[in-house]
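Values quoted throughout were computed directly from the atomic coordinates according to the rules given, and no laboratory measurement underlies them. Just so we're clear, the structure is a prediction, and the values are computed from it rather than from any experiment. Using ideal geometry, Cβ is built from the backbone for each residue, glycine included, and neighbour counts are taken over all protein chains shown.
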């Protein structure tokens with residue numbers, strides 16, 4: 001069986017966004033998210049540096065709803081960030097989908 005080096009096709013939600021570095025928020029990088037919509041409140045995403053066959057994996061991100069975020073223990077919330085601002089400012093988009 002031949003292998004591919006492209007992002008996995010079963011991750012069927014595609015988002016592109018800019019991520020600031022936590023300790024240097026003015027420094028951002030473009031992240032191509034290939035995600036699996038696990039349920040209404042939860043996406044699992046593999047982050048790549050591009051969307052071509054030679055793209056390199058550079059992170060994993062879990063996106064949860066505000067409802068789930070509010071249920072997290074206070075000490076856990078520091079490890080999460082809301083995506084509302086990224087979506088509303090168009091820093092996180094789903095290319096090729098109608099608005």
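A few points about this structure:
- Chain lengthening between residue 24 and residue 58 when straightened (0.36 nm per residue, less Cα-Cα): 10.5 nm
- Using the Cβ-Cβ distance between residue 2 and residue 37 with R0 = 22 Å, the FRET efficiency computed as 1/(1 + (r/R0)^6) comes to roughly 0.20.
- Convex hull of the range 25-75 built on C-alpha atoms - directionally averaged projected area, nm²: 5.0
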